[in-house]
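The structure appears right after this line, and notes come after that.
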Amino acid sequence: MGRTVFRVFCAATAMARTYARDKRKTSHLVDQAAAKVKHQHGALRKLRGDFLELLGMIRAWASGKYTVVPWKWLLLGIAAVLYFVNPFDLVPDFLPLTGLVDDVAVLAFVLKSLQKDLARFRDWQQAQTESPHA
């Protein structure tokens, strides 16, 4: 299963380049993921806050407000969102109890990889809310 998840995620990473070149497409993808995550429970619950933060970072990048995310990490984040949104990934999401196992594994890996960038984004968001010019 691990190799197959890796192959599918690699395909999502390649597709992420297409999304990153079209910010409207990226924004739409983030909207899809945000809608989907609202209806998820169980294993995803522990990652929900960090995942929503990742979506916020990608959304802020796509709107041109946040520009300091490195390209390779942006692609990794978009790939994770693509993997999450795609209903035809390794384990179909509609299967009870097991459908989100691969999604959670991919998201956990990506969120851990992006910890520093998400922390920078949190700092940036905080500065935006504290700044009178925000």
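Bear in mind these aren't lab numbers, they're just calculated from the coordinates by the rules spelled out. Bear in mind the structure is a predicted one, so any value in this text is a computation, not a measurement. All Cβ positions, even for glycine, are placed from backbone atoms using ideal geometry, and neighbour counts span all protein chains on display.
Leaving out same-chain residues fewer than 8 places away, which lysines sit with a Cα under 24 Å from that of Lys38?
Leaving aside lysines fewer than 8 places away in the same chain, those within reach of Lys38 are Lys23, Lys25, Lys46, Lys112.
Using only the alpha-carbon atoms of segment 17-77 as identical scatterers, what base-10 log of I(q)/I(0) does the Debye formula give at q = 0.24 Å⁻¹?
Cα-only, vacuum Debye calculation for segment 17-77: -1.00.
Run the simple label-point estimate for Ala119 and Asp22 please: 7 Å along Cα→C-beta, distance reported in nm.
Placing both labels 7 Å along Cα→Cβ, they lie 3.6 nm apart.
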